Amino acid sequence: MKYYLLPLGCQMNQSDTERVRTVLNKMGFTSTDNEEEASILGIIACSVRQKGIDKVYSRILKWNDMKQSRNCITFVSGCLLPADRTRFLKLFDLVFTMNELPELPDMIRQYGTNIYTPMMTDKVDKDIIYITTTLSDRKHIINPSANMERFWEIQPDYNSSFDAFIPIQNGCNKFCTYCAVPYTRGREVSRHSEDIMKELKSLVENGYKSITLLGQNVNSYGLDKKGEEINFAELLRRIGKYGDSSGKDFWVYFTSPHPRDMSDEVIEVISQYRCLAKQIHLPIQSGDNAMLKRMNRNHSIDDYRHIINCIRTLIPEATIFTDIIVGFTGETEEEFENSRRAMEEFKYNMAYIAQYSVRPGAVASSWADDVPKEIKRKRYHILTDELMKHSLEYNKGMIGKTVRVLVSGEDRKKGYLTGHTEGKIVIRFYSEDKSLCGSIVNVKVTSATALSIEGELIVK
C-alpha cells in the first residue's frame, strides 16, 4: 500500500513531513508521487496565509470525490487554527497536531482498509484528536503526547542526502498582530541540546554538507527552560567547536530568528567558527517604528539597526536576508517610505516581500484591510526594485573571485550544474559531472545578475 503527502509552506513543514514519512514507512507503506494510487492521502498544512488553507480545501474536495470509487484514508496536520481544525473534521478522516504524530499508526489501524465518512461535529477540543467512522456514532478520543519530545525522537526520512533540517524549537510567544502561528503551533518549546547535537553529528558523519536549524523563533531557543537548558549562542558555540574538531566540511544555517532575541553574543559566535555559515536571515517586516508597534514586533528600527551594524562589523562577508510586509493595516505613504529607506540602508542580498493579506485567527484579522490592492502591488514593486539594485551591486562585486559552492543538481541550462555559495547566492557553472552533486567545489565567478551568478569550475 502507498501514501501520498502534500507539504505546504515553510521549511518547518518540510521537516515535519520527513518524520511523517518515517512513521508511515515503518507501517509498511511506500511513498508515491501519484495520489491516484495512494491508500493514505495526507496534507501538512500552512496557516501563514489564507491562500495556503484554501489549497487544503481545494485538495480535500478532490480527494473526497476520489473516495467515492476507491478505499483511502485522508488526514491533515501541520499548522492549523482551531476554527480550521473544526471545519476539517467534516472533510478529513484524521486531524492531528505534530506532537500527536506518534499516535498516527493507532489512528490508521482503527480505520482498516474500508471507506469511512467523518461525522459532522461543531466543537473541537484543541488537546485531543477526534476520529469518526461510519461504524460508530461516538467520537474515538486519543490522548496526545504531553510535549514534543516523542515527536522529535522520530528519526526523519530526509529528503536529501546532503542537505537537512534539524528542528530545535517549536511554537511562538511573540504574537505579532498579522500572524496566526502562536495559535497553530502553541507556545515555544525547546528541544534538548543533547538530542540536537546527536542528530547533527549523525548527519555530518554521513556526509551532509548543509544543515539548517529550524524554529518559529529559533534564537529564542532555551528561554522556555528557565536555566535548565543552554541558550542559542551556546548551542551554536557547541556546534562550532564540534565542527572544528570533526575535520568535516559543512555549513550550518538557522531560520527564522526574531530581532528581539538576536544578541551580540550570537553574532560573535558565528564569526568565530568556520562551520557556522556567514549568512543571516533577519526579518524586518517594516522600517517604520509606528508600524512595528502596530505589528507588535516589540523592537524599534534602531534596535534592528544595531544588529545589522554588529553583523557588518564582526562578519563583514556575511550575506543578509529579510522578510518585509507592504500594505499592512493603516500603512501610510510615510510609513512605507521608511520601509523603502530601510531597504536602501541595509542593502539586503535577498528579501521575501509580501503584500499583506488578512489571516483569520490573527489579531489584525479584526482590523480594516484598508490599503488598496493596487497600492500594495505598487509598493511591492518599489521594494523589489530596491532589492534588485543592491543584490546586483553585491553580485557584480563577486566577479573574479573564487567561491566555495555546494552543488545541488543540474541547472535548467543544458550542461550546467547549479548550487549556492556559503552566503546562499545561487550560482551555476559548466560541468556535466553529475557526481559533484552534494559536494563543495571551488568556482571562479565570471558574470552576475541580480538573482544569481555564473562561474567556471576550478578543477584541482
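Any idea which residue in the range 436-460 is surrounded by the most Cβ atoms within 10 Å (Cβ to Cβ), counting only those that are over 28 Å from the mean Cα position of the chain (by Cα) and not in a strand (DSSP E or B)?
So, considering only residues that are over 28 Å from the mean Cα position of the chain (by Cα) and not in a strand (DSSP E or B), the one surrounded by the most Cβ atoms within 10 Å (Cβ to Cβ) is 458.
For the range 21-55, which residues satisfy the criterion of being part of a helix (DSSP H, G or I) and either within 14 Å of residue 10 (Cα to Cα) or of a type outside the set (Lys, Arg) (or both)? Break it down into steps so the answer makes sense when it comes.
Narrowing the range 21-55 to residues part of a helix (DSSP H, G or I): 21-26, 35-37, 50-55.
Answer for the range 21-55, where residues must be part of a helix (DSSP H, G or I) and either within 14 Å of residue 10 (Cα to Cα) or of a type outside the set (Lys, Arg) (or both): 22, 23, 24, 25, 35, 36, 37, 50, 51, 52, 53, 54.
In the range 293-300, is there at least one residue being part of a helix (DSSP H, G or I) and under 30 Å from residue 368 (Cα atoms)?
Applying the first criterion (part of a helix (DSSP H, G or I)) to the range 293-300 yields 293-294.
Cutting the leftovers down to under 30 Å from residue 368 (Cα atoms) gives us 293-294.
For the range 293-300, residues part of a helix (DSSP H, G or I) and under 30 Å from residue 368 (Cα atoms): present.
Identify, from the list 315, 270, 301, the residue that is farther than 28 Å from residue 367 by Cβ and in contact with a helix residue (DSSP H, G or I) (Cβ under 6 Å, 6 or more places away or on another chain). Break it down stepwise before answering.
Numbers: 270 fails: in contact with a helix residue (DSSP H, G or I) (Cβ under 6 Å, 6 or more places away or on another chain); 301 fails: farther than 28 Å from residue 367 by Cβ.
On inspection, the qualifying residue turns out to be 315.
Scanning for something out of contact with any helix residue (DSSP H, G or I) (no Cβ under 7 Å at 6 or more places or on another chain) and either buried (at least 19 other Cβ atoms within 10 Å of the Cβ) or at pLDDT below 95 (or both), does the range 320-327 turn up at least one residue? Working first, answer last.
Narrowing the range 320-327 to residues out of contact with any helix residue (DSSP H, G or I) (no Cβ under 7 Å at 6 or more places or on another chain): 321-323, 325.
Then drop every residue that is not either buried (at least 19 other Cβ atoms within 10 Å of the Cβ) or at pLDDT below 95 (or both), which leaves 322, 325.
So far as the range 320-327 goes, yes, one or more of its residues are out of contact with any helix residue (DSSP H, G or I) (no Cβ under 7 Å at 6 or more places or on another chain) and either buried (at least 19 other Cβ atoms within 10 Å of the Cβ) or at pLDDT below 95 (or both).
For the range 339-366, which positions are under 29 Å from residue 279 (Cα atoms), part of a loop (DSSP other than H, G, I, E, B) and among the charged types (D, E, K, R)? Lay out the reasoning, then the answer.
Kept after step one, since they are under 29 Å from residue 279 (Cα atoms), are these residues of the range 339-366: 339-357.
Next, only the ones that are part of a loop (DSSP other than H, G, I, E, B) stay: 347-349, 356-357.
347 - this is the single residue of the range 339-366 that is under 29 Å from residue 279 (Cα atoms), part of a loop (DSSP other than H, G, I, E, B) and among the charged types (D, E, K, R).
Inspect the range 367-389 for any residue being among the acidic types (Asp, Glu), assigned to a loop (DSSP other than H, G, I, E, B) and at pLDDT 95 or above and give the result as yes or no. Write out each step before concluding.
Within the range 367-389, the subset among the acidic types (Asp, Glu) is 369-370, 374, 385-386.
Subsequent filtering for residues that are assigned to a loop (DSSP other than H, G, I, E, B) retains 369-370.
Keeping just the survivors that are at pLDDT 95 or above gives 369-370.
Yes, the range 367-389 contains a residue that is among the acidic types (Asp, Glu), assigned to a loop (DSSP other than H, G, I, E, B) and at pLDDT 95 or above.
If we keep just the residues of the range 179-231 that are in a loop (DSSP other than H, G, I, E, B) and hydrophobic (A, V, I, L, M, F, W, C), which is surrounded by the most Cβ atoms within 10 Å (Cβ to Cβ)?
Taking the range 179-231 and keeping what is in a loop (DSSP other than H, G, I, E, B), we get 179-180, 186-188, 191-192, 206-209, 215-217, 221-222, 226-231.
Next cut, hydrophobic (A, V, I, L, M, F, W, C) only: 179-180, 230.
Values: 179: 22, 180: 26, 230: 18.
Per the stated criteria, the residue is 180.
When the range 395-423 is examined, which residues are found to be crowded, with 20+ Cβ neighbours inside 10 Å and part of a helix (DSSP H, G or I)?
The one that is crowded, with 20+ Cβ neighbours inside 10 Å and part of a helix (DSSP H, G or I): 395.
Taking interchain pairs and intrachain pairs at least six residues apart, which have beta carbon atoms under 6 angstrom, with the first residue in the range 261-282 and in the same structural domain as residue 310 (by TED's automatic domain parsing) and the second among the polar types (S, T, N, Q) and assigned to a helix (DSSP H, G or I)?
261/219; 261/220; 262/219
Please find, among 95, 48, the residue that is closer than 22 Å to residue 359 by Cα, at pLDDT 90 or above and crowded, with 17+ Cβ neighbours inside 10 Å. Steps first, please.
Details: 48 fails: at pLDDT 90 or above.
Sole residue among the options that is closer than 22 Å to residue 359 by Cα, at pLDDT 90 or above and crowded, with 17+ Cβ neighbours inside 10 Å: 95.
The values are calculated or read from the model by the stated rules, or taken from the named source; none is laboratory data. Values in this document were obtained by computation on a predicted structure and should not be read as measured data. Every residue, glycine as well, gets a Cβ built from its backbone with ideal geometry; the counts of neighbours run over all protein chains shown.
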